[in-house]
Structure formats: structure tokens, C-alpha cells
């Protein structure tokens, strides 16, 4: 069975970097697409970006140059780094598998990240 | 960016009632539309992909349809376990964008 699990700090200070790990079991991240999605307080959802089976990436332009998604195929993990965070980045962050564009069929349980001093 | 206008924002319905949620795309997105359900305290779950295809394990009371740039999710007979927030997601072009969500409650 495919399982994804996010991990990382639940509290980040403004201007610092947010770093999250998504550990995948039951399926290789060298196949398909692997994305990050976040849900803000108030229920708005935002697609942040993905890393493909080949290692190519696609990012939401709204995140400009702050975002980076990388991977470690030896550990079957992929990572999110979001730089220069503000309180507006407070959200629950999810990692998910995408078989085809926009079709996220497996999700992690989500990790709540608060940006606060 | 493609805007997805989802309605209604909230909905109260009775058991066994037919429920319809819609998403209006700001431009043509073909069939690159998925629907997700998020139950309280849980991760989102894929219901419909390709605008009309039912995801594995999803009850047949859920269905998706398309009319031009308007997409609909229909629940034919509302059950208690269907309570939650529903989102559409377009993946025709990046950035992929979600609708604002519909909070479905029991009347």
C-alpha cells in the first residue's frame, strides 16, 4: 500500500526557512509526480508544486523564488523548502502522489506549520 | 492563472437528498478537473478525476459532469459520511488552482 508521511517542525520564525520531508513507502518516487499542497486557516487550498519521476520540478509562481522541491531517491523521500516565511505561510502542509495532472490519489496526513515569533 | 469559482460556499442538506456542487472555470480547461472530499481531521480524498471518472473505492452515488466550462459534482443520496468540505482542482495549466471549497453539513 502506498503511504506518505510528512515530517518537520511545527513552528517556524518569520524570515526563516520552512523545511518539510515527505517519506514514501510502497511506491517508488522515481515514478509519477509528487506534490506539495497546503491548506490555510479558513479552508483555502493552494497547490505549491511538484517534482516528477525524472526530478524535474514545477512551482506555483505565487511562491516566486522562495520554493524548492528536491528528492533523495535512495531514501524514497522528497522535500519542501520555503524560504523567507511570513505569518501568511501558516498552514497545514500535505504531500501527495499525482498519477496524472491534478489527480492526487494518495496523501500524507498533513503537518500543521505555524509561522510566529 | 485560471480561476475556479466554486458554489455554494456552504450547503446544508438532509439525508438521502440530492446534492450538487459546481465549479466555473475562467477559461477552457477541457476535462482537467478533479473533485476532492475532506472530512474533518482527515486528508483530502480523490473522488472524481478527468471531470467524470470515479476514483477507485468511491461510492457510485458520487458523479461528475461537465457543461462547457462549468463542472458539477453530484451526490445522489446524501449519507452521514459525506459530511465535509469539497474542492475542485483544475490541472489544465500551471499553476493548478483549487476552488474555494464547499462546506457540506447535515440539516
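Each value in this text was obtained by applying a stated rule to the coordinates, not by laboratory testing. Since the structure is predicted, the reported quantities are computational estimates derived from the model, not experimental observations. Backbone-built Cβ (ideal geometry, glycine too); neighbour counts: all protein chains shown.
Here is a yes/no grid of residues against (1) surrounded by fewer than 17 Cβ atoms within 10 Å (Cβ to Cβ); (2) away from chain A (no Cβ under 14 Å); (3) in a loop (DSSP other than H, G, I, E, B):
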residue	(1), (2), (3)
B:5	yes, no, no
B:30	yes, no, yes
B:35	no, no, no
B:40	yes, no, yes
B:48	no, no, no
B:73	no, yes, no
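Among the residues examined, residue B:102 qualifies as under 12 Å from residue A:43 (Cβ atoms), more than 7 Å from chain A (Cβ to nearest Cβ) and in contact with a strand residue (DSSP E or B) (Cβ under 9 Å, 6 or more places away or on another chain). The listed residues are B:95, B:59, and the only one of them that is surrounded by 13 or more Cβ atoms within 10 Å (Cβ to Cβ) and more than 11 Å from every other protein chain (Cβ to nearest Cβ) turns out to be B:59. Where residues in region A:31-47 are touching a helix residue (DSSP H, G or I) at 6+ places or on another chain (Cβ under 9 Å) and more than 9 Å from chain B (Cβ to nearest Cβ), which of them is surrounded by the most Cβ atoms within 10 Å (Cβ to Cβ)? Restricting to residues being touching a helix residue (DSSP H, G or I) at 6+ places or on another chain (Cβ under 9 Å) and more than 9 Å from chain B (Cβ to nearest Cβ), the top hit is A:38. Scanning region A:14-55 for residues that are under 15 Å from the mean Cα position of the chain (by Cα) and free of Cβ contacts under 8 Å to residues at least 12 places away in the same chain returns a single hit, A:45.
Scanning region A:16-28 for residues that are in a strand (DSSP E or B), touching a helix residue (DSSP H, G or I) at 6+ places or on another chain (Cβ under 7 Å), within 27 Å of residue B:101 (Cα to Cα) and away from chain B (no Cβ under 11 Å) turns up at least one hit. Within region A:67-82, being touching a strand residue (DSSP E or B) at 6+ places or on another chain (Cβ under 8 Å) and surrounded by fewer than 17 Cβ atoms within 10 Å (Cβ to Cβ) holds for A:70, A:72, A:75, A:76, A:81.
For region B:7-28, the set of residues classified as within 14 Å of another protein chain (Cβ to nearest Cβ) and not in a strand (DSSP E or B) consists of B:8, B:9, listed by residue number.
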